[in-house]
1. Using the alpha-carbon centroid of each, what span in Å lies between region B:1-27 and region B:207-232?
2. Across the residues of B:101-109, average count of Cβ atoms on other protein chains within 10 Å?
3. What list do you get for B:166, B:33 if you sort them by fewest beta carbons within 10 Å?
4. Looking at chain B as a GNM with Cα springs under 10 Å, which of B:81, B:188, B:197 has the largest mean-square fluctuation?
5. Using the 10 angstrom Cβ neighbour count as an exposure proxy, how do A:33, A:118, B:204 rank, fewest first?
6. Quick check: the distance between the Cα centres of region A:216-230 and region A:69-144, to the nearest angstrom?
7. Checking the a/c ratio against 1.5 first, then a/b against b/c, what shape does the Cα gyration tensor give for region A:168-235?
8. Kindly identify the protein assembly as shown as rounded, prolate or oblate by the Cα gyration tensor criterion: order the square roots of the eigenvalues as a ≥ b ≥ c, call it rounded if a/c is under 1.5, otherwise compare a/b with b/c, prolate if a/b is larger, else oblate.
């Protein structure tokens, strides 16, 4: 049995773009033909499920039955990657639960691959979150995501503060998600389809759509840049190392980076 | 094999190089050829082309995404009309940045639309540099235009066309009298050409020369495509090498 991979996307602050990043990850895995499932912990509503209804389920990450639905099925599901979009404020509690149920021990023993995308806000509080979160993450792949999609300026981060925090967490790797044209972002929201489907000019049921070529172009270019970041951190290889998916499988590129 | 429909982008990174004049000439030339035609005026502050061709030319402001959609979505939706864009020096950088970011040239070609940049040259170093950089980045066919009213000398090596057969368009120098005549708001090149009651004059000769240049360009482009088709290969744009022709 291949080693399953769990990817957690979270932050302790709301409105920093967790679900957007989770959506780009699902598109990335889809494009790389990596079987993936997703759990949306924004119970009962679920934004991620709106965009990826076929592979997403809404769960309450704090309830034991739902935790069983996610973690007890890791070795039996067809999906080699499980993406969990953790709702605002629940990242630290979720990691604590993972420690308590022995998940982090399994990661330590090499039975699971664990990847955490920690989406940062612009405030100093976000840097403090890193300290809280990183204490759980000894054997995981830990990525700190600066998300500019909603025009965050990270104004509170002066160089010295930033450097002092990042020195503490040598294993954490920084990722930058660039800004997407606002109208393009809004149109994808209205269309309620994955970014990749929008670029392909398809509707929710894969029917032909009539989205603006300009907006599709902006999304394609942006998604290409985001995937460029995922390629830089070798996400495909991290996941493939744990799963049956080929490490050097067909590489799907949305657009070359400028 | 269907021939691609041309999309002429008349531009220069500097003011007062004759962009709108050339766009006007193109519009009237294609009207005289009775081709389906549409134009776009990208000079929101002074839409001179749109004011002259109110039923054919759309004024567009591409500083906003909505304006970009109004331009580029229309350009690729209409695969039948010859198109002329008057691109002023103001939106010059933004236009080509958007073209590049949204992958416009590739999509246009996929739809049998051939973007051709008619680049009005001058002798400044920044214009030479801009030509070389754009030519290597954008992937469209670049044809230099030498407007003799802007600069007397033209250094061929500074502005190599994308393909050898494209050559250079030359707009002969205008005398102040001719300039005064053709700048009148009601002036039409075609109407003037149709009226030679007093015999051909300097204005007739000047228009005739420019129309001959445009006809030559269309023929050269057609010849290039036919030659390329006969060879069984597409016509890839040549890479600009360091801003100078060898």
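Every number here is computed from the coordinates shown, using simple stated rules; none is lab data. Here the structure is a predicted model, which is why all the values come from computation and not from measurement. All Cβ positions, even for glycine, are placed from backbone atoms using ideal geometry, and neighbour counts span all protein chains on display.
1. 15 Å
2. 4
3. B:33, B:166
4. So, out of B:81, B:188, B:197, the one fluctuating most is B:197.
5. Ascending Cβ contact count within 10 Å gives the list A:33, B:204, A:118.
6. Using only Cα atoms, the two centres lie 25 Å from each other.
7. Prolate, because a/c is 1.5 or more and a/b exceeds b/c.
8. Cα axes put the protein assembly as shown in the prolate bin.
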